Amino acid sequence: MRISARADYAVRAALQLAGVQDGEPPLKAETIARAQDIPHKFLESILNDMRRGGLVLSQRGGNGGYRLAKAPEAISIADVIRVVDGPLVSVRGVRPPELSYTGPAESLLPLWVALRANVRQILDGVSLADVATAELPGRVSALAEDPAAWTNP
């Protein structure tokens, strides 16, 4: 599985927005771009997708900027990725349940479905608040702490 630059930037921008407290002014795109080292024009496009997807609110004017549309606890990492990149797992741009294989490749379909289910379980189960407070769910932390997690076979 590959996490696109667009998805990575969107999650990082959302995490930056998760730190905005009630009563604080919204964050300007330039501020987010600088803080997270994201190209400004690219970030503007991402923030527009996130606004259209209902994850962020934008305010115009001198005191304008962006803020999350919901509490960080109510937005999963999967929500952010889906808004900017579409489905979490697809094969050739098609969701696994829409695929069919024959012969020795027939059991490939349940493999893709299982992969999709596991990716969804992890990314839907982690909120912006979990990441922003460094309090990942135990299952996720255990997977990340496995020494073989980032080792190539």
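The values are calculated or read from the model by the stated rules, or taken from the named source; none is laboratory data. Predicted model, so just to flag it, every value in this text is computed and none were measured. Here the Cβ positions follow ideal geometry from the backbone for every residue, glycine too, while neighbour counts run over all protein chains shown. The protein model used for the area step is the full one, side chains on, heavy atoms only, and it has no ligands, DNA or RNA in it. Shrake-Rupley method; radii C 1.70, N 1.55, O 1.52, S 1.80 Å.
General observations
- Rolling a 1.4 Å probe over the protein heavy atoms of the chain, with every protein chain left in place, gives an accessible area that is 53 percent carbon and sulfur.
- Only Lys, Arg (+1) and Asp, Glu (-1) charged, at Cβ; region 45-147 dipole about Cα centre in debye: 520 debye
- Segment Arg52..Ser107, full-extension length gain: 16.0 nm, with 0.36 nm per residue of separation and the alpha-carbon distance subtracted.
- With at most 15 neighbouring Cβ atoms within 10 Å, loop GluC sites (Glu not before Pro) (DSSP) excluded, longest segment of the chain: 1-105
- Using the Cβ-Cβ distance between Ala132 and Arg92 with R0 = 35 Å, the FRET efficiency computed as 1/(1 + (r/R0)^6) comes to roughly 0.50.
- Those chymotrypsin sites (Phe, Trp or Tyr not before Pro) in region 28-114 that DSSP places in a loop and that have at most 14 other beta carbons within 10 Å: Tyr101
- Length-normalised contact order for region 48-153 - Cα pairs under 8 Å, 6+ apart - percent: 24 percent
- Pairwise centroid distance, computed over Cα atoms, of region 21-62 with region 112-135, Å: 23 Å
- Electrostatic tally near Ala33: other residues with Cβ closer than 12 Å to its Cβ, Lys and Arg +1, Asp and Glu -1, net +1.
- For region 99-153: rounded, prolate or oblate by the Cα gyration tensor [a/c cutoff 1.5]: oblate
- Here is the list for region 1-105: trypsin sites (Lys or Arg not before Pro) lying in DSSP coil, each with at most 10 other C-beta atoms within 10 angstrom of its C-beta, are Arg2, Arg60, Arg92.
- In the context of the full set of protein chains, residues of the chain present 61 Å² of accessible surface per residue (probe radius 1.4 Å, heavy atoms only).
- Fully extending the segment from Arg2 to Val20, taken as 0.36 nm per residue of separation minus the present Cα-Cα distance, adds 3.6 nm.
- Stretching Ala35 away from Ser100 to a fully extended chain increases their span by 18.9 nm, per 0.36 nm per residue minus the current alpha-carbon distance.
- Extreme residue, positive dipole direction of the chain, given options Ile122, Pro96, Gly19 (C-beta unit charges): Pro96
- Quotient of C-alpha Rg and 2.2 N^0.38 Å, computed over region 6-153: 1.22
- Where a label projected 7 Å from the Cα of Ala69 along Cα→Cβ would reach, residues of region 34-52 with amide N under 17 Å: 44-52
- For the chain, with +1 on Lys and Arg beta carbons and -1 on Asp and Glu, the positive-most of Leu68, Ala148, Leu57 along the dipole: Leu57
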